[in-house]
1. Rounding to the nearest 10 and keeping the result within 0 to 90°, find how far the Cα-based axis of helix A:68-95 lies from the longest principal axis of chain A.
2. If R0 is 25 Å, what FRET efficiency do you get for residue B:39 and residue A:71 from their C-beta distance, rounded to 0.05?
3. In segment B:35-122, how does Rg compare with the Kirkwood Rh, expressed as the Rg/Rh ratio over alpha carbon atoms?
4. So between residue B:21 and residue B:51, what do we pick up on full extension, going 0.36 nm a residue minus the alpha carbon distance?
5. What's the long-distance tail for segment A:14-90, i.e. % of Cα pairs beyond 16 Å?
6. Going through segment A:68-127, which trypsin sites (Lys or Arg not before Pro) have at most 12 other Cβ atoms within 10 Å and a DSSP loop state?
7. Considering the options B:23, B:109, B:70, tell which one lies farthest towards the positive end of the dipole of chain B, charges being +1 on Lys and Arg and -1 on Asp and Glu at the Cβ, about the Cα centre.
8. Using the 10 angstrom Cβ neighbour count as an exposure proxy, how do A:18, B:52, B:3 rank, fewest first?
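What follows draws every value from the coordinates through simple rules; no lab data is involved. Predicted model only: the values in this text are computed from it and were never measured. Cβ: placed from backbone, ideal geometry, glycine included. Neighbour counts: every protein chain shown.
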Amino acid sequence: MADVNRGNRPLSPHLSIYRWHIPMLTSILTRITGNALIVTAIMVVWWFAAAAAGPENFAVADGFIRSWFGDLVLFFSVLGLWYHTLAGIRHLIWDEGKMLELDKAELLGQIILIVSVLLTIFTVVVL
Amino acid sequence: MAYLTDRKRAHGLGASHSGTKAHWRMSLSSVALVLLVPLFVFTFGAILGSSYEEVVIYYQRPLPAVIALLTFLVGFWHFRAGAKIMIEDYSRGLSRKALLAGLTCLSYGLAAIGAFAVIRLAL
């Protein structure tokens, strides 16, 4: 073997060494929000299943989803959902080969962060 | 072998043996969800907080029911595909297989329960 020195070589720098920047933050947030939304999905499916089952079941699920805890989960769900939706649109734009330059990608990241908060405020006000 | 082009010889030999179809389907479901998610948020959000009777009457209407049904089906398919990529990124061996099996059960299970509930409410 030409390469006998395995395991003693410098490792490539990993996550902890990099300064957090917008593309990095918005990328991992897409994964976190997308996967965390399973909590919301379970709650919503429970609500529908309970409504289909009858008034007693519905009262339990509806009571939970409208409790302060359910409200808190729904609030962060709306934020996560709008964020993930906007991040998904960003990926569709990138798939077309557009906005891939570093400064434009940064700008796009800032836009989705700000617009997701604005959409959340709008949703909370309207509903 | 000599008749195969270089491209054909390399086909399917990537780390995952596939991927372009998965990517394209993910893109398609994303486009569908860009429409469905706002529709679902504002139809579901509009009725959340009402009484049991009002909820039942609301979901007997075609539009809210169809929006909820499609959101469940496309949403859980999209979730399964996305969570699958995460599992494949972070886990190996038996735990990867177990997680993927669990994910499949969870995704299709919730989609089926959600769809059944909406249809039962609507009919």
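1. That works out to roughly 40 degrees.
2. Rounded to the nearest 0.05, the efficiency is 0.70.
3. Result: Rg/Rh = 1.11.
4. Details: separation 30, 0.36 × 30 = 10.80 nm, distance 4.42 nm.
Gain in length upon complete extension: 6.4 nm.
5. Numbers: 1724 of 2926 pairs.
It works out to 59 percent of all Cα pairs.
6. Details: sites: A:90, A:98, A:104; in loops: A:98.
Answer by residue number: A:98.
7. B:23
8. Working: A:18 9, B:52 16, B:3 5.
Ordered from fewest to most neighbouring Cβ atoms within 10 Å, A:18, B:52, B:3 come out as B:3, A:18, B:52.
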